[in-house]
Structure formats: C-alpha cells, structure tokens
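One structure is given below, encoded as structure tokens.
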Amino acid sequence: MDPTLAPIAEKCRAGQRLDAADGLTLLRTRDIWTLGRLADAVRRRMHGNVAYYNINRHLNYTNVCALSCKFCSFYRKQGQSGAYFHRPDEIAAQARAAQDAGATEIHIVGGLHPFEPFTYYTNMLAAIRQAAPKLHIKAFTAVEIVHLARISKRPRDIEGVLRDLQAAGLGSLPGGGAEVFDDRVHDEAFKGKIRSDKWLEVHETAHRLGLMTNATILYGHIESFEDRIAHLIMLREAQDRALAADLPARFQTVIPLPFIPDDSELESLYGPTGLDDLKMLAVCRLMLDNFAHVKAFWIMQTLPLSQITLDFGVDDIDGTVVWYDITKIEGRDTHQEVTVADLRRVIAEAGYQPVERDTLYRRVIRDRADWCIEQSTAPVAAV
Ligand code: SF4
C-alpha cells in the first residue's frame, strides 16, 4: 500500500470528510488498488451490492451553437455542413417512440441556437408532455438555461425561466456544462460559456424550485489536478448548502466525463487514460460524501471500462441511450445503444445486483415496455 494513503484510509474508516490535500494525494497515487478499495467501501456502505441502470433516450435537438468551445467537436454554425435542427413535433415523435419502447426518461441537451425563440423550448416540452406523458423530461444544462434567460429577455430571472420550463413539463436538470470551475481553464478552453458562479446559481435555483439536478466535471484536458479537486469541493459545498437549507431538491449524481479530443480544437492532447478514468471516478466517490450517486456514462468511458468502475466507487451506469450526437465511439454513428440485457449482464458479471431505476433513483417494476415505480423504495440519501 502507498504509505501516503494510510491517513486517508483512516479518515475514510472513521467516516471523516476528506480535504483538498487528501484529494490531491489520491489523484497522484499510483496505488490504484488501494484507492479503488477505499472508494468501494464507501460505495458499499451507501448502496450495498446494488448497481443501477436506466432505460432512457438521449436527444440532442440541435448542434447549431453560438459558442465555439475548444474542447467541443459537436457544434456547427448555422448553414454549415453537418448542422441540424429538430422541430418540436419531430422531438415529440421521438419521445413517443421512446415511451412505446419502455423508456422512463428522455434526456435532452443541445447547442445554444442563436435564432430560436424561448417558445421553441416551451413548445418542445409541451409537445413531449402531450405525446409521451409517462416520460420524465430531464433537459437543458445550466449553460442552456442561461441562454434561454437571455433570449427570453430575462437575463437576471433564472427562477422565472425555470418556472416556465417546469410548467411546460421539465422534470429535472442534467449536470452538463460545468466543465472545470476554474477561470484560467475557462478562458483558455471555453471562453464565452458561463463561469462557475452562474452554473451554481442555476442549480441552486432549480433545487429551490424542487427540480433535482446532476453535476459533471470534464477532466483530462488542460486542467490541473488542483483544478479538479477545487471543482469537486465547490460542488460539495453547494450540496452542503442545499442540505442545510432543507431545499426540496439537490444534486443526485456526479458524472465525471473524460475529455475526448477527436475532431476538437484540442485534438493534439491525448485525453485521459483508463487509469485516469478509474482514479477520477474513485476520487469523486471519496470527495463527494454528500452526493448519493457516482455514475459512469459508458458512451465516454466505454462499456467494458464502466463494468470495472463498479469496483471503483460507481453505483450507476447510464443507460440504454440509443442516440447520442455529442461524442461518438470510434466506428459508430450517432446510433449508440446498449440493450437492457447487455447492461444487466455486465453488472451481474461484475458481481452486483442490477436494479433498474427511474430518473429520481426509485426502483422500477417492469413488464416489458410497461413499468411502474416500486412504492416502497425511496431514493437513496447521501451519507
Ligand atoms: S460545448 Fe456546448 S456551448 Fe460549447 S460549443 Fe459545444 S455545444 Fe456550444
């Protein structure tokens, strides 16, 4: 065992909170197995032998974007080759197909379209609500919410914008757009995007309105280990505030996202390795002691590595996905799907009990495409 990990192991055993120096030691260690065991002990304390998955469908409504983040290979400018845009009725038809296939959730994010009005977004939600009333709509990153506030001419009224979206059918917010909460990294890699204060304000406002949200960190590009740990501590402090204020909602899950350099302006970088992925997921589990869940997004980490992450602090693998335009696994188009049988197989083979959940981490009882929530199961609380 790496001797620098001994005092951290002691803190973990005693259930004490880790500080920034501990986080850095964990990221720097080469003792991946001890790190994994520490994260696994916390994960088992919270979730036992259960590993969650969900049946969902991702939908990226447009890749037309007013910004040009350097790490992004998804965006196109209006009229540029490859630019696309889906109308609300097309989106509703896809939502209906997802509901008919048994999905419990539709996960919607897209570029910051420079010309569509605010009503495009409320019409989209209302059309989905009508076509697929059983689907939970998880939609719009904090970056998109701020964009919607601007185009609705209410740049300071995040709460009003979220209320309008909620009334149209929004059920929760995804965690994207956080990238890395550091001004140097922001200015170099995603200038023009909102900074950490705004991202956190959107999520805290959502929590006050009863909208559950998730959080992400995009790692493995130009950020330092110090930046990663500072980001996690800012998330932890925001969750502390939500819990201390007894808000009706909070962060549910952290989703660490490895940077994928291909076709981006930063493609000269290597991106994170498999070991970095395992470390980052384990460190998230250990640092974010007030987050209930750590999720591996197999589109980014790959399904084979996601299976191994279950021993490194991860308790959730998202999801059946089906379509995903933002990043592509080599050799695949935007149809990126795993079957429920595949998800259950990789979870069971790793020694865990596969449990289907809905967006709010309630257990799902399923009969093919038909499903309901197991009433006796409440979502898992944070430690
Ligand atoms: S990361 Fe998001 S905001 Fe930035 S260019 Fe890509 S789509 Fe636009």
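The values are calculated or read from the model by the stated rules, or taken from the named source; none is laboratory data. Note that the coordinates shown come from a computational prediction; the quantities given were computed from them, not determined experimentally. Positions of Cβ are generated from backbone atoms using ideal geometry, with glycine treated the same way; all protein chains shown enter the neighbour counts. The area values use the complete protein model at the heavy-atom level, side chains included, leaving out ligands, DNA and RNA. Shrake-Rupley method; radii C 1.70, N 1.55, O 1.52, S 1.80 Å.
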Search the stretch 105-119 for residues being open to solvent by 10 Å² or more (accessible area, probe 1.4 Å) and more than 16 Å from the ligand (Cβ to nearest atom), and hand back the single one that is nearest to SER152 (Cα to Cα). PHE118
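Take ILE145 and tell me if it is of a type in the set (A, V, I, L, M, F, W, C), within 15 Å of the ligand (Cβ to nearest atom), outside any strand (DSSP E or B) and open to solvent by less than 10 Å² (accessible area, probe 1.4 Å).
Values: of a type in the set (A, V, I, L, M, F, W, C): yes; within 15 Å of the ligand (Cβ to nearest atom): yes; outside any strand (DSSP E or B): yes; open to solvent by less than 10 Å² (accessible area, probe 1.4 Å): yes.
When the stated conditions are applied, ILE145 passes them.
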Within 16 Å of the ligand (Cβ to nearest atom) and crowded, with 23+ Cβ neighbours inside 10 Å: which single residue out of GLU188, GLU179 fits that description? GLU179
Reported set for the stretch 113-146 where residues are in contact (Cβ under 8 Å) with a residue 12 or more places away in the chain, more than 23 Å from the chain's Cα centre (by Cα) and more than 23 Å from ASP358 (Cβ to Cβ) is PRO114, PHE115, GLU116, PRO117, PHE118, TYR120, ASN123
How many residues does the stretch 37-62 hold that are surrounded by 21 or more Cβ atoms within 10 Å (Cβ to Cβ), of a type outside the set (Ser, Thr, Tyr) and within 16 Å of the ligand (Cβ to nearest atom)? 2
Conditions: (1) part of a helix (DSSP H, G or I); (2) closer than 28 Å to HIS231 by Cα; (3) of a type outside the set (Phe, Trp, Tyr); (4) open to solvent by 30 Å² or more (accessible area, probe 1.4 Å). CYS72 meets all but one. Number of the miss? (1)
Against the condition more than 16 Å from the chain's Cα centre (by Cα), more than 13 Å from the ligand (Cβ to nearest atom), part of a loop (DSSP other than H, G, I, E, B) and small (Gly, Ala, Ser), how does GLY102 come out, does it pass? yes
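Kindly provide the set of residues from the stretch 337-351 that are over 22 Å from the mean Cα position of the chain (by Cα) and in contact (Cβ under 8 Å) with a residue 12 or more places away in the chain, ordered by number.
Within the stretch 337-351, the first condition is being over 22 Å from the mean Cα position of the chain (by Cα), and the residues that meet it are 341, 345, 348-351.
Those that are over 22 Å from the mean Cα position of the chain (by Cα) and in contact (Cβ under 8 Å) with a residue 12 or more places away in the chain: GLU349, ALA350, GLY351.
Would you mind listing the strands (runs of 3 or more DSSP E) fully within the stretch 230-332 where at least 3 residues are at pLDDT below 95?
Ranges flagged: 321-323.
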